[in-house]
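These notes are about the structure you will find just below.
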Amino acid sequence: MQIQIDKHWELRSEGLEVGPADWPRVAREESGWLPCSLPCDVHVPLIESGAIREPLDTLNSYDCEWIEGKSWWFRGRFESPEGFRELERCELRMEMLDVEADVFLNGAHLGRHRSAFYPFAAEVKRLLLPGTNVVGVRVTSGIERVSDQDLAGFKPNVSTEAKAGRGDRGEPRRALLRKPQYVFGWDWGPRVATAGIMGDVTLECSRALRWTGLHVSTKEATSARAVLAVRAEIENTHLFSTREGEVVIELKRSGRLVASAREERLLRSGVNYFELVLAVEKPELWWPNGYGGQPLYDLGARAASDGEAVEFPIQRIGIRTVELDQTPELGGRRFALVVNGERIFCKGASWVPPDSIYARVTPEKYELLVEEAREANFNMLRIWGGGRYEAEPFYAACDRAGILIWQDFMFACSVYPDNREWFREEVRREAEYQTRRLRNHACIALFSGSNEDSWFFDEWWDGVAAPKPAFDGGAATYNLILPAAVQASCPEIPYWNGSPYGGEHPNGNDAGDRHHWLECTMSPIMANRIRPEAYDEVTARFVSEYGYIAPTVRSSIERYHAGAPVERDGAVWSHHNNTFEKGTVIEGIRRHYRDPEGMSMDEYLLYAALVQCLMYGYSLDALRVSERNSGALFWMYTDCWGETGWTIVDYYGARKPAFYAVKRAFAPRRLVLRAKDGEVVIHAANDTPERAALALEIGVVDLARECDPRETRTVEIPARFRGVLARVPKTKTDPSRELWYARAPGGSGYLPATLRETETRKLSLLEPDLAVSGIGAEGGRPSFTVRSRRFAHAVHFGFPADVRLSDEFFDLLPGEERTVAILSGKAPARAIEARSVLSPPPVAKR
């Protein structure tokens, strides 16, 4: 029996000096309470009551920093269940307390809790009252409990934005707080220090039995047969008596029973472990997005004893195996995920919590963002180590969408004090809870120890860039505690010590994964930041971070300006500008499109967006065709607030134009052209389980005229293929007027590919004479078709931000037509106007 305690709560603030011993006085206060419901960050009732303005608008985050200097008190009520005296156990459970918390029930202090990453739980049967019970929670942001002495020996080794001139972002004391680290500010987010009850509060009651765990793993998976191992953990709650009991496991697909297992046993007091096996004939296998379908089975589990039956929550599982392939090759070791025996090229981005006030992220927002990732042809999201272990609706959505999860443990860019026993114990509890919570999800593909900490030990905390820490803070965590937790909870899921990690140097190219920053976007040399061809030189085995910055769409910018003037030199713009932008956006526009002086705001936003399209589209193609590389994850997917930043979907859910460039680069079937050693090399990728037979046309397009086919050949692309499809001699062309192209007409699923050999601003782009046909239907959705007489660059339509299309900001060859579906948003009543980007106007002489 579970009683949900999420309604009719109240919140008030007191000074930090008002401590746990003052609860009786605070509980009696009759005024000063704000109504709230759970989950609840303290910012939300303050916003709703008008006490503060939305912290993520304008400069409002500065006005909310006083919240860190208060203690916050929650008061809630619930009714005891009938007959609770006859129950064996009644446990009060709080899923996510952020972060320094004291919990009370009916005046009794139940305990102190200091982690947002595993639940508080206490046996409370003896404290329950018939009728109404009062529960209280005192919570703070946590930093008040960390002293300079606590930070001795490693304070300079906790990364903040202070060296970048943003002392308001970052907090060294975060390293001693087991809560989302980003809430104190990062290059891409403000300081909005969270505090509250961020998850469910329940009273969980049991009589004879209760479930303590259920683990299902796929031992064998072929199209003919699958074998699942199920471990059931059942507690006989009686202090000293045995009981007769049984466990029944049933596996169903769309309501149809496909396998079952049953075992009877004498249950001793305490936890009893059952090992059962399910054999499934002709299973439907779960695959990452683009590689196959995502069928999910319902796993039901029931335990019974002495006429009482208790059920474990239904587990929606995918039948699949996952391995980490580190085969020696090409002078190092491969780093590739293998699902159901097939090597996967991982395509996606890093994920940060999609709100600075993370407790207010709804299941609907998770669903939207995961569905958008699927639509962009992602098959992986990396849950970054400075955020949080996400809520259940997120992982369930990834199971449905076929999005593999690289799950960092929550450690990022810092030395951590695991030389102290209390901290090591907190990490053990966190790791045990989270691995057991997540292990049954088909999407979970890899656990990783931290974000960048191993790299920092090697290259940053070397006594030159930063002082050497007084101890190897974090080594016990990443090298001992976390792998032991994964091995105990889910040994079938690979563990990796960190990101990046592998080889003699953790951010090297011969093993493991790489964060490719210093050679490109974070280079001190501007030309390196804005040159997409630099990504052709990457030799990594798996790129798990890199990125490029651009502003978001105008409607979103206006939302976070909240009535303030939208000015690129204004205070609001600066506050919402990424730390690492450093003039890169303007110089990217200058190199690739036009001189930026005198541009309007709309021109600036368009060209900035197109440079991000170029940088992401080209780089992802380069990483995908690299023989050594098995993954391309950019930084990052979505925002925690509105800003000029790395992402392709903004805080408000609007797509930035780069969304479409990424979607094309990640398409399951893709052609890519590169020039090498006097040849045009045509690369192909085919993630799908079906081969593709193509009539491949290779030629040169004159930007003022038509396509000139040089060669047509019949080719076959095997299933699950990634490699070179063809090579042709590269004859001399005029880079400003001619582009090499390859295409496969006839609905093959392969879009045409072009080879650009100079910057876009140097191309002789003429008016293409675009024509749009009327709205029809494509797959049951409204659609329209656009056709071009000449080569057209960055074809777009000017719809509002809430209109999502199947494609936009694409190039068209002469005579090519493309059908565009309207996926969501209102179909326009007006005639659809197609626009493209032409050659820049000549620079006026001064």
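The values are calculated or read from the model by the stated rules, or taken from the named source; none is laboratory data. Only a predicted model underlies this, so the values are computations on that prediction, with no experimental measurement involved. Glycine gets a Cβ as well: all are built from the backbone with ideal geometry, and neighbour counts include every protein chain shown. Remember, those area values only see protein heavy atoms, side chains included, never the ligands or the DNA or RNA. Shrake-Rupley method; radii C 1.70, N 1.55, O 1.52, S 1.80 Å.
One table, with the values for the structure above:
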{"read-out": "Accessible heavy-atom area order of 636, 601, highest first, probe of 1.4 Å", "value": "601, 636"}
{"read-out": "Relative contact order (%) - region 721-760, alpha-carbon pairs under 8 angstrom, separation at least six", "value": "33"}
{"read-out": "Among the listed pairs 676/730; 163/468; 125/179; 676/762; 70/155, those beyond 19 Å (Cα-Cα)", "value": "125/179; 676/762; 70/155"}
{"read-out": "Reciprocal of mean inverse Cα separation for region 652-713 (Kirkwood radius, Å)", "value": "14.6"}
{"read-out": "For region 42-97: accessible area per residue (Å², 1.4 Å)", "value": "41"}
{"read-out": "Distribution of pairwise C-alpha distances over region 444-603, 10 Å bins, in %", "value": "9, 26, 27, 22, 14, 2, 0"}
{"read-out": "Ratio of the Cα radius of gyration of region 387-430 to 2.2 N^0.38 Å, where N counts its residues", "value": "1.54"}
{"read-out": "Cα point-scatterer Debye curve for region 308-360, base-10 log of I(q)/I(0) at q = 0.14, 0.25, 0.30, 0.32 Å⁻¹", "value": "-0.73, -1.00, -1.13, -1.18"}
{"read-out": "Carbon/sulfur fraction of accessible area - region 51-99, other protein chains in place, 1.4 Å, %", "value": "43"}
{"read-out": "For region 60-140, convex hull of alpha carbons as volume per residue, Å³", "value": "103"}
{"read-out": "Probe 1.4 Å, accessible area per residue of region 563-721, Å²", "value": "32"}
{"read-out": "Spherically averaged projected area of region 516-630 from its Cα convex hull (nm²)", "value": "7.5"}
{"read-out": "Cross-link partners of residue 282 among lysines (Cα-Cα below 21 Å; sequence separation of 8 or more within a chain)", "value": "219, 252"}
{"read-out": "Protection proxy ranking, peptides 446-456, 370-380, average beta carbon neighbours within 10 Å, highest first", "value": "446-456, 370-380"}
{"read-out": "Computed over region 251-357, Cα set: Rg, Dmax in Å", "value": "19.8, 64"}
{"read-out": "Isotropic mean projected area of the C-alpha convex hull, region 416-522 (nm²)", "value": "7.9"}
{"read-out": "Heavy-atom accessible area ranking, 1.4 Å probe, most first, across 785, 714", "value": "714, 785"}
{"read-out": "Estimated translational D of region 318-461 in µm²/s (Stokes, Kirkwood radius over Cα pairs; 4 °C; 1.567 mPa s)", "value": "78"}
{"read-out": "Under the Debye formula (equal points on every Cα, no solvent term), log10 I(q)/I(0) of region 8-155 at q = 0.16 Å⁻¹", "value": "-0.94"}
{"read-out": "Kirkwood Rh in Å, taken over all unlike Cα pairs in region 652-793", "value": "16.8"}
{"read-out": "Fraction of accessible area attributable to carbon and sulfur, region 490-645 (%, probe 1.4 Å)", "value": "50"}
{"read-out": "Relative contact order [Cα under 8 Å, 6+ residues apart], the chain, whole percent", "value": "9"}
{"read-out": "Principal axes of region 330-408: Cα extent on each, largest first, Å", "value": "47, 25, 19"}
{"read-out": "Alpha-carbon gyration tensor eigenvalues x 5, square-rooted, for the chain, Å", "value": "48, 33, 26"}
{"read-out": "Accessible-area ranking of 422, 188, largest first, probe 1.4 Å", "value": "422, 188"}
{"read-out": "Amide H partners (placed H, <5 Å) of residue 514, local residues excluded", "value": "542, 543, 544, 545"}
{"read-out": "Radius 15 Å from Cβ of residue 343, net charge of other residues (Lys, Arg +1; Asp, Glu -1)", "value": "+3"}
{"read-out": "Solvent-accessible area per residue, Å², over region 301-440 with all protein chains present [probe radius 1.4 Å]", "value": "30"}
